[in-house]
Amino acid sequence: MWFVNDSRCGAVIAVIAGLSMAGTANAKLNDDEVAQLGMTGTPLTPVGATRAGNAAGTIPEWTGGIQAPPANFKAGAGWADPFADDKPLFTITAQNYEQYKDNLLPGQIAMFKQYPDSFRMHVYPTRRSTSYPGWFVEATKAQAKTIEICPQYAEKNEMCLLNVQPGGGVPFPIPKIPEEAGWNTLLGHYNGTTMDAMGNGALIDSLGNRTDVIMRSREFWPYQLPADKKPTNEWFTQWGGAFLCDSWQIEQPPRSSGLVFGGCMFAQNVDFQVYLYVPGQRRVRKAPEIGFHDSPSFASDGQRTVSSRWMWWFGGKEPRHSYKLEQGKELFVSANSYKIADPNLNYDDIYGKKHINQDLLRYELHRVWVIDGELKAGYRHLYKRHVAYFDEDTWMGVAFEAYDAKDRLWRMGEQHVLNLYDKPLLRIMGDSQIDLINGRYTTYPYWHGTAGRLTGFGPPKFETTEESTVDISVYTPQGLRKFGTR
């Protein structure tokens, strides 16, 4: 393995190859490394991104992100675009994409070839809009000095974390192996403590016919909580403590209404411990297939996998791919696509016949981390190769590609992350995942503004460590039953 980190020289390229953690037993950052992180005057931003812009001047320096809501922001009416006056620099189409291919993803190029009449990318000036609350910055510095990937990973390929500190933060802001970067993609962004929102996990077939799958999503991130705020129920304290709890409840279509799951992932047990309430049976059962590697995502008709949620995830405590990591790759990715947060949109405005409405999206040139996973010998997975891309300023996924056993590019996805500047929080507000072989596409249950308006639920509720509106009993097998309705 080798790692290059010369962040003061602008763009950084690092390739870290291999799976074994041999030689990297102590991944904690020392004081000199932590001193590279900061809000001002440091080579790295608080989350480990390169502060400086690129040599060409097409990526600017990070100067703190959005510090206040725009003048036209109104609480409860979506998130107004703080860059509404920006005009596209250019639009990439099937006719001119070759001119820009050095900054395009393979999945995007495949889309230009497959849908030449409708797929396009409006490219805008790059706005490094991500901002962080001060406590998150300090929590990152504290977390990075203690947290480690457990030795069981090197010894027997079992993923877990040790010495996790209360209070959240980016676990590995200067990652030295791909797996550390992988943990950052799940834990290394501040998305608040709880979410309660309605969403549409729409399913669109190859003829453009759409099924709206309306779900209520409840998220809880105990990892982000300080010690005195963490739940004391033994369900949440086992296995080193819960770091993510999740629940989806189907509202429509009617045949699935009332189906609800709830469960958690833990620091020392990454397998999702989840239970499912089936209204027709009126009972709660353990559902190990939910949240496990390449099993179909809940209510996706087999079109999404667990491992492509957030564009990429280990999917379980025994990773099935070996990984390479690349830092500093400059690509056109979705960023600051505030149009999708407009609650006045209707589903027909969002979902096209072949892909989502590209005119709602804003692309910018960003530096990204790339995790490239290749299936290990002796393991099975739907994706022989899974490549995912993460914005350096957020650690959140912006795109992925998946390849089948014949090395064909099978699926591609894009994810749309916004800075909800009134909190501030980072949140995924939309995505799409496209099967390039069968022509179908789907989305995870985002598009919260539209779904909330059309169902009468109202705006999504994103809370901070000081507030919570989610009844966390939905994540326990004992409490799940009361949430099931028909």
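Less than 25 Å apart at the alpha-carbon level, and either on another chain or at least 8 residues along: which lysines does that give for Lys74?
Reachable lysines: Lys87, Lys339, Lys423, Lys461.
Which residue, chosen from Ala335, Pro254, Leu426, occupies the Cα position most advanced towards the positive end of the dipole of the chain, where the dipole is computed from +1 (Lys, Arg) and -1 (Asp, Glu) charges on Cβ about the Cα centre?
It is Pro254.
Let a ≥ b ≥ c be the square roots of the eigenvalues of the Cα gyration tensor of the chain; is it rounded (a/c under 1.5), or, if not, prolate (a/b larger than b/c) or oblate? Let's see the in-between values first.
Numbers: a/c = 1.24, a/b = 1.04, b/c = 1.20.
Rounded is the answer for the chain, as its axis ratio a/c remains below 1.5.
As I understand it, the dipole of the chain uses +1 on the Cβ of Lys and Arg and -1 on the Cβ of Asp and Glu, about the Cα centre. Which of Leu325, Thr394, Pro296 lies farthest toward its positive end?
The Cα lying farthest towards the positive end belongs to Pro296.
For a quick protection proxy, order the peptides 475-482, 316-323 by their average other-Cβ count within 10 Å, most packed first.
Details: 475-482: 17.8, 316-323: 20.5.
Per-residue Cβ counts within 10 Å, averaged per peptide and sorted highest first, yield 316-323, 475-482.
Once you put a point 7 Å from the Cα of Arg380 and another 7 Å from the Cα of Thr211, both along the Cβ direction, what distance in nm separates them?
The answer from the label model is 2.5 nm.
What distance in nm lies between label points placed 7 Å from Cα along the C-beta direction at Arg481 and Phe83?
5.1 nm
Please state the shape class of segment 320-439: rounded when a/c is under 1.5, otherwise prolate if a/b exceeds b/c and oblate if not, all from the C-alpha gyration tensor.
oblate
Work out, in µm²/s and without decimals, the Stokes-Einstein translational diffusion coefficient of segment 122-212 at 10 °C, 1.306 mPa s, Rh from Kirkwood over C-alpha pairs.
In µm²/s, the coefficient rounds to 97.
Taking θ as phi - 60°, what are the ³J(HN,Hα) couplings along segment 79-93 by the Karplus curve (6.51, -1.76, 1.60), each to the nearest whole Hz, with x for Gly and Pro?
Each residue's phi maps through the Karplus curve to give 10, 4, 6, x, 10, 4, 7, 5, 10, x, 6, 5, 10, 9, 10 Hz.
Dipole magnitude of segment 260-303 about its Cα centre, charges +1 at Lys/Arg Cβ and -1 at Asp/Glu Cβ only, in debye to the nearest 20?
Here segment 260-303 has a charge dipole of around 340 debye.
Under 5 Å between amide H atoms, partner at least 5 residues away or on a different chain: which partners does Gly430 have, H built in plane at 1.01 Å?
Here His416, Trp447 satisfy the definition.
Between segment 240-306 and segment 207-239, what is the separation of their alpha carbon centroids in Å?
Taking the Cα centre of each part, segment 240-306 and segment 207-239 sit 11 Å apart.
Using 22 Å as the Cα-Cα cut-off, could you pick out the over-long pairs in Lys28/Lys329; Lys141/Lys376; Lys156/Lys230; Lys324/Lys376?
Lys28/Lys329; Lys141/Lys376; Lys156/Lys230
At a threshold of 8 angstrom on Cα-Cα distance, excluding pairs fewer than six apart, so keeping six or more, what relative contact order does segment 174-279 reach in percent?
About 19 percent, as a whole number.
Measuring with a 1.4 Å probe in the full set of protein chains, what accessible area per residue, in whole Å², belongs to the chain?
I get 37 Å² per residue for this part.
The values are calculated or read from the model by the stated rules, or taken from the named source; none is laboratory data. Remember, it's a predicted structure, so these values are computed and weren't measured experimentally. Every residue, glycine as well, gets a Cβ built from its backbone with ideal geometry; the counts of neighbours run over all protein chains shown. Ligands, DNA and RNA are excluded from the accessible area calculation, which covers all protein heavy atoms including side chains. Shrake-Rupley method; radii C 1.70, N 1.55, O 1.52, S 1.80 Å.
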